[in-house]
Structure formats: C-alpha cells, structure tokens
Amino acid sequence: MTPLDERSTATATGAVIAKPAEPKKPCGRLPGDPTPEERLARIVRVDHAGEYGAKRIYEGQISVMGKGRHGRTLRHMADQELEHLRYFEGQLNARQVRPTLLQPFWHVAGFLLGAGTAVLGERAAMACTVAVEEVIDGHYESQLKHLGPEEAELKTSILKFQAEEMEHRDIGLTNGAEQAPGYPVLSAAIKAGTKAAIWLAERV
C-alpha cells in the first residue's frame with residue numbers, strides 16, 4: 001500500500017480526503033509593497049529624474065555665477081551630473097521604464113532653485129549643493145540595500161555616482177556653505193523639497 005500524503009487523511013471506509021493546502025507564507029513583503037520588478041523600475045525612474053533635476057540646478061547656478069570664481073567648479077559638477085543622467089537614460093531605454101511624468105516640472109523647478117540660491121549669494125548656492133547631495137547620498141544608500149548580485153553593474157554605477165555626489169557636497173562645505181545666511185532654515189527647506197521630489201518621482 002502506498003503511504004498517504006501528509007496533506008491527506010483516510011476515512012473509515014478507506015476513502016482519501018485531501019486536506020486544504022496550507023496558505024503560502026509571505027516572502028518578506030507587506031501588502032502594498034512594490035514587487036522586485038516595480039522596485040527596480042522605481043529606482044531607475046527616480047534616479048533619472050534626480051540626475052535631470054541636478055543638471056538643471058547647476059545650469060541655473062551657472063547662469064548667475066558662471067563667469068565668477070566658482071564657474072569652473074560648477075561646470076565640473078554639472079558635467080558629472082550629465083554623465084549620470086546619460087547613464088540613467090540608457091537604463092530607462094534598456095529596461096523599458098518610462099520617465100517620470102513630472103519631468104517638465106523638474107525642468108523649471110531645478111533651474112529656479114539653482115538660479116535662486118545663486119542670486120542669494122555664492123554661499124547660498126553652495127548650501128543648496130550640500131543639502132541636495134546629502135539627501136541623494138542617503139537615497140542612494142537606501143537603494144543599494146535592495147540591489148542583489150544580479151544587478152552588479154547598476155550597483156557599481158550607483159556607487160560611483162554616490163562618491164561623486166559626496167565630492168560635490170565636500171566642495172560646497174569647503175566653499176562656505178555653512179556660513180550662508182539662514183543656513184539651517186535654507187538647508188532644511190531644500191532637503192524637504194528634495195525628499196518630496198524623490199517620493200513623487202518614484203510613483204508618478
């Protein structure tokens with residue numbers, strides 16, 4: 001006689017009644033959490049949006065300060081942001097992920113943030129750089145925790161970009177960001193806006 005499966009039982013007449021299958025245990029995801037595929041699409045979309053916004057911030061600053069003593073430094077940082085942006089444009093195309101629908105808004109808002117802080121003075125412009133880059137550093141660090149070995153190339157690129165963003169932060173600190181008028185308030189406002197932009201770009 002063949003042994004009965006653990007999920008079945010026998011009646012007195014010998015008939016076999018199957019027990020209901022046990023529900024599958026959740027695989028570390030809560031209701032409403034994105035799937036791995038959705039999470040990866042969000043990563044690519046928001047990073048593309050972020051680098052586009054960063055490019056526009058530097059373009060705004062260069063429009064005001066480009067001929068001053070920080071012009072060369074701003075162009076160096078803008079060139080690095082353009083490299084990051086082109087990489088994520090390639091990722092959008094390769095993975096068939098749409099860009100954020102809010103890109104026209106970032107086009108205007110990023111430029112205005114850069115130009116506006118530059119009008120307030122060189123130190124305010126550097127304070128903007130420090131605030132944005134500190135948020136981006138934490139954002140990238142969070143993303144890296146969700147990338148497995150199958151995404152080694154993406155992870156390596158993000159690590160490189162993260163290091164360059166920290167270079168930008170250090171440039172800002174070296175050039176008097178913390179001496180900007182109203183630095184704590186200015187920094188907090190820019191950080192809050194940057195975090196809100198990240199949240200929206202992931203989802204919209």
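The values are calculated or read from the model by the stated rules, or taken from the named source; none is laboratory data. Treat the numbers as computed from the prediction; the structure is a model and nothing was measured. Here the Cβ is made from the backbone with ideal geometry for all residues, glycine too, and neighbour counts use every protein chain on show. Heavy atoms of the whole protein, side chains included, go into the accessibility calculation; ligands, DNA and RNA do not. Shrake-Rupley method; radii C 1.70, N 1.55, O 1.52, S 1.80 Å.
Which net charge results for the neighbourhood of L85, defined as the other residues with beta-carbon distances under 11 angstrom from its beta-carbon, given Lys and Arg at +1 and Asp and Glu at -1? Show your work: numbers first, answer last.
Values: positive: K55, R56, R86; negative: D47, E51, D79, E81, E83, E89.
Counting the neighbours of L85, the net charge comes to -3.
When all protein chains stay in place and ligands, DNA and RNA are ignored, the 1.4 Å accessible-area order of R69, R56, R95, largest first, is R69, R95, R56. Taking 7 Å steps out from each Cα toward its Cβ at E150 and K195 produces label points 3.2 nm apart. Taking the 1.4 Å solvent-accessible surface of the stretch 97-204 as the whole, the part contributed by carbon and sulfur is 65%. Within the shell defined by Cβ-Cβ distances under 12 Å, the residues around L40 carry a net charge of -1, with Lys and Arg each +1 and Asp and Glu each -1.
Largest first, what is the accessible-area ranking of D79, D47, D170 with a 1.4 Å probe?
Numbers: D79 100, D47 5, D170 70 Å².
Sorted by accessible area, descending: D79, D170, D47.
One chain, two ends: Q103 and D137. Fully extended at 0.36 nm per residue, the span grows by 10.1 nm beyond their Cα-Cα distance. Taking a sphere under 13 Å around the Cβ of G68 and counting the other residues whose Cβ falls inside, with K and R at +1 and D and E at -1, yields a net charge of +4.
Counting only heavy atoms of the protein chains, get the accessible area per residue of the stretch 44-107 (1.4 Å probe) and round it to a whole Å² value.
For the stretch 44-107, the per-residue accessible area is 50 Å².
Using 0.36 nm per residue and subtracting the Cα-Cα separation, the extra length available between E37 and M166 on full extension is 43.6 nm.
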